[in-house]
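Input: a single structure, listed below in structure tokens.
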Amino acid sequence: MYKAKAYSAASEKSPLASTTIARRDPTENDVQIEILFCGICHSDLHQARNEWSGVMPTVYPCVPGHEIVGRVTKTGPAVIKFKVGDLAAVGCMVDSDGTCSECKQFLEQFCPNLTLTYNFPDKHTGGVTYGGYSDSIVVDQKFVFKVPSNLDPAGAAPLLCAGITTYSPMRHWGVTKGKKVGIVGLGGLGHMGLKFAHALGAHVVLFTTSPNKKQDALRLGADEVVISRNADEMAKHAGSFDFILDAVSADHDINAYLNLLRRDGNITLVGAPEKPLAVSAFSLLFGRHSISGSPIGGTAETQEMLDFCGKHNITADVEVIPIQKVNEAYDRLVKADVKYRFVIDMASLKNEA
Ligand SMILES: NC(=O)c1ccc[n+]([C@@H]2O[C@H](COP(=O)([O-])OP(=O)(O)OC[C@H]3O[C@@H](n4cnc5c(N)ncnc54)[C@H](OP(=O)(O)O)[C@@H]3O)[C@@H](O)[C@H]2O)c1
Ligand SMILES: [Zn+2]
Ligand SMILES: [Zn+2]
């Protein structure tokens, strides 16, 4: 074991603060990474503040962070995918059993023995996993990805969660040219969803509660922008969407969007608000609409998404911050004041004792 610098939350009410944590020394299949950048996902905030206590209660201290890009500093003897000095990335998962039918199809996000990057039982240390708000991490090579060399490392970090979480359901539900697609919420996930839907050739409509994001949405790939609090603007799109991706982090009226689907249209939730959403049966049965959810994505699809981003030159629009500003960034996320992903420059952690 060795000591790594990190930022952690000591309780649901505590701001994040500097600390040290124990990491394992790389074993046979492990890659040790010096973390250069880590994105701030709204899930980090939900977990640090124990907002998902009913589903996955937070174990403290909690070190969040699952949008990790860094340099390989050490490799175990069985590692063939990476060598020291390579740029490498880690997302939301760090381990799985590798033997179940989900793992065999590289759909590890559904493995019953999955280990998430933070706040999950750590098979190696016996404690919980600690995420990317840290100067280094040690991960099995199966869960480490290659970053296309043309992508800016800070802008690439959010691809590891916001990117794959929006790319995967769009591939699953067949987003392509000729389809009308809605994206709800222009935050970290929403802005990646917009870029992917546009790159996949769909006609994309962005729904936002923030009128000041309208010009950005058009620049990021939206064909149309709807201010969702304006009922007349919403009504113009009734019964017209093939697919809607809902990336909202807080309570909102899902029925308003179900009514915009055409026959057999689907709305997929990727947002994970603290409280349950109320669904009207009538919003579903008229039009045979369906509602579903989607968690992150498997290892094969994550690498596919990164390669797609390399080919189409897609990265997140980021505001790079020092780690000392992480609590301020959390407060801004709650106010939907993000353009469009905060990314921590981990060099700033060197300033901590
Ligand atoms: N399914 C998964 O595997 C997965 C993976 C990652 C994250 N998530 C979840 O996805 C959600 C979004 O994450 P994120 O990092 O993209 O968050 P984010 O950057 O904070 O963006 C959320 C956006 O939702 C909209 N919004 C916020 N409050 C709202 C309200 N009260 N009513 C309507 N719209 C509201 C805002 O967009 P506008 O200003 O445009 O309205 C805001 O920018 C979170 O719940 C997160 O935990 C799920
Ligand atoms: Zn995330
Ligand atoms: Zn498995």
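The values are calculated or read from the model by the stated rules, or taken from the named source; none is laboratory data. Quick caveat, the model's predicted, so the values are computed rather than measured. No Cβ is skipped: glycine too gets one built from the backbone with ideal geometry, and neighbour counts run over all protein chains shown.
Observations
- Segments classed as strands (runs of 3 or more DSSP E), wholly inside region 22-129, with at least 2 members that are more than 21 Å from Gly293 (Cα to Cα) and within 16 Å of ligand 2 (Cβ to nearest atom): 30-40, 68-75, 87-90
- Gly221 being small (Gly, Ala, Ser), closer than 25 Å to Ile244 by Cα, in contact with a Lys or Arg (Cβ under 8 Å, 6 or more places away or on another chain) and at pLDDT 95 or above: yes
- Residues of region 300-332 classified as of a type in the set (S, T, N, Q) and touching an Asp or Glu at 6+ places or on another chain (Cβ under 6 Å), total: 1
- Residue that is under 21 Å from Met346 (Cβ atoms) and more than 16 Å from the chain's Cα centre (by Cα), where the choices are Thr129, Thr117, Thr99: Thr129
- From the options Val248, Val320, residue that is hydrophobic (A, V, I, L, M, F, W, C), surrounded by 21 or more Cβ atoms within 10 Å (Cβ to Cβ), modelled with pLDDT of 95 or more and away from ligand 3 (no atom under 16 Å from the Cβ): Val248
- Checking Lys275 against (1) over 30 Å from Ser11 (Cα atoms); (2) surrounded by fewer than 16 Cβ atoms within 10 Å (Cβ to Cβ), the condition it does not meet: (1)
- Close pairs (7 angstrom Cβ cut-off, 6 or more residues apart or separate chains): under 20 Å from Pro169 (Cα atoms) in region 100-115, away from ligand 1 (no atom under 15 Å from the Cβ) and among the small types (Gly, Ala, Ser) anywhere: Cys103/Ser96; Phe106/Ala300; Glu108/Ser96; Cys111/Ser96; Leu114/Ser96
- Note on region 264-288: residues that are part of a loop (DSSP other than H, G, I, E, B), within 16 Å of Val184 (Cα to Cα) and in contact (Cβ under 8 Å) with a residue 60 or more places away in the chain total 3.
- The residues on offer are Arg49, Arg71, and the sole one that is modelled with pLDDT of 95 or more, in contact with a strand residue (DSSP E or B) (Cβ under 8 Å, 6 or more places away or on another chain), within 15 Å of ligand 1 (Cβ to nearest atom) and basic (Lys, Arg) is Arg49.
- Sole residue being on the phi < 0 side of the Ramachandran plot, within 16 Å of ligand 3 (Cβ to nearest atom) and either in contact with a Pro (Cβ under 8 Å, 6 or more places away or on another chain) or not hydrophobic (A, V, I, L, M, F, W, C) (or both), chosen from Cys100, Cys111, Cys92: Cys100
- Of all the listed residues (Ser18, Ser11), the sole one being more than 17 Å from Cys92 (Cα to Cα) and in a strand (DSSP E or B) is Ser18.
- Filtered residue count, region 191-207, keeping only those that are in contact with a Gly (Cβ under 9 Å, 6 or more places away or on another chain) and over 24 Å from Ala88 (Cα atoms): 11
- Any hit, region 32-41, residues being acidic (Asp, Glu), farther than 17 Å from Gln303 by Cα and more than 16 Å from ligand 1 (Cβ to nearest atom): yes
- Subset of region 296-353 [among the aliphatic types (A, V, I, L, M), assigned to a loop (DSSP other than H, G, I, E, B) and over 19 Å from Leu159 (Cα atoms)]: Ala336, Ala353
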